[in-house]
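The values are calculated or read from the model by the stated rules, or taken from the named source; none is laboratory data. Being a predicted model, the structure only gives us computed values, none of them experimental. Every residue, glycine as well, gets a Cβ built from its backbone with ideal geometry; the counts of neighbours run over all protein chains shown. Ligands, DNA and RNA are excluded from the accessible area calculation, which covers all protein heavy atoms including side chains. Shrake-Rupley method; radii C 1.70, N 1.55, O 1.52, S 1.80 Å.
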Amino acid sequence: MKKYGKILIIDNCSIDGTQKTLRKKKIKFLKNKKNIGYEASIINGMKHILRHWKKVKFIITMDADGELLSKSVPLLLKSLFKNNFDIIVGSRNKLNRISEYFLKLIFNLKFGVKDPISGLKIYKIKVIKKIINLISKDFFLVDILIISYYKNFSIGSLNIFVNKRKGEPRVGNNLIVNMKIFNIIFNSIFSQKFKSNI
């Protein structure tokens, strides 16, 4: 990943020796003092980049569960530049839950985004600057896409292949995640919650 720019790891209270490895490889990281969850960790990382990395042109997010492949990054970058997208989403060829397929269908029809909760996305920095203070910690960062859509930022998707996830998901058990996904679907269709942030 270093060939694409600086790396920033968000360590959300890991207990597996992550920090030792990162220090050895001289990779920049932020250590959360307590478990603050997926969304808050990513948001804090984005805010850190906005404050301290002034020459950054885009932010790439990638989950650490081994599902996503780094070789997908240049393909996304190529599509981002070729089509002048403001955001591009890596649309996974395999999803983990039935509820994700419902979410994919709804978002593809309504927003033209195939896989809104994919952990692999690229954002132009101007998008993050514009909406960083509007992002919720309750929607797997899907609201970034919705708010960006209503602010007329261009959003693209590109199909990517994924590995089988390593270990158990860290965002909660299936019941909690499914409830969260259906809450996202409901709010994206019926609620003015996201539009109120425009």
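Reported count of residues in region 19-47, each being farther than 21 Å from Leu145 by Cβ and either open to solvent by 100 Å² or more (accessible area, probe 1.4 Å) or among the aliphatic types (A, V, I, L, M) (or both), is 12. If the condition is being out of contact with any Gly (no Cβ under 7 Å at 6 or more places or on another chain), aliphatic (A, V, I, L, M) and either crowded, with 17+ Cβ neighbours inside 10 Å or without any contact (Cβ under 8 Å) to a residue 12 or more places away in the chain (or both), then region 107-136 contributes Leu109, Val113, Ile117, Ile122, Ile125, Val127, Ile128, Ile131, Ile135.
Is it true that some residue in region 89-103 is within 20 Å of Ser148 (Cβ to Cβ), free of Cβ contacts under 8 Å to residues at least 24 places away in the same chain and either of a type outside the set (Phe, Trp, Tyr) or surrounded by 14 or more Cβ atoms within 10 Å (Cβ to Cβ) (or both)? Within region 89-103, not a single residue is within 20 Å of Ser148 (Cβ to Cβ), free of Cβ contacts under 8 Å to residues at least 24 places away in the same chain and either of a type outside the set (Phe, Trp, Tyr) or surrounded by 14 or more Cβ atoms within 10 Å (Cβ to Cβ) (or both). For region 111-129, the set of residues classified as at pLDDT below 95 and under 15 Å from Phe153 (Cα atoms) consists of Phe111, Gly112, Val113, listed by residue number. Considered as a group, the residues in region 137-168 that are surrounded by fewer than 20 Cβ atoms within 10 Å (Cβ to Cβ) and polar (S, T, N, Q) include one that is nearest to Leu80 (Cα to Cα), and that residue is Ser154. When Leu69, Leu145 are checked against the criterion of being in contact (Cβ under 8 Å) with a residue 12 or more places away in the chain, in a helix (DSSP H, G or I) and under 24 Å from Asn12 (Cβ atoms), Leu145 stands alone in meeting it.
Of all the listed residues (Leu80, Leu95, Leu75), the sole one being at pLDDT 90 or above, under 19 Å from Gly156 (Cα atoms) and in a loop (DSSP other than H, G, I, E, B) is Leu95.
Of the listed requirements (1) surrounded by fewer than 18 Cβ atoms within 10 Å (Cβ to Cβ); (2) modelled with pLDDT of 95 or more; (3) of a type outside the set (Gly, Ala, Ser), Asn197 misses just one: (2).
Only one entry of Leu68, Leu50 meets the criterion of being closer than 23 Å to Phe161 by Cβ, out of contact with any His (no Cβ under 6 Å at 6 or more places or on another chain), open to solvent by less than 50 Å² (accessible area, probe 1.4 Å) and not hydroxyl-bearing (Ser, Thr, Tyr), and that entry is Leu68.
Applying the set (1) at positive phi; (2) of a type outside the set (D, E, K, R); (3) not in a loop (DSSP other than H, G, I, E, B) to Cys13 leaves exactly one unmet item: (3).
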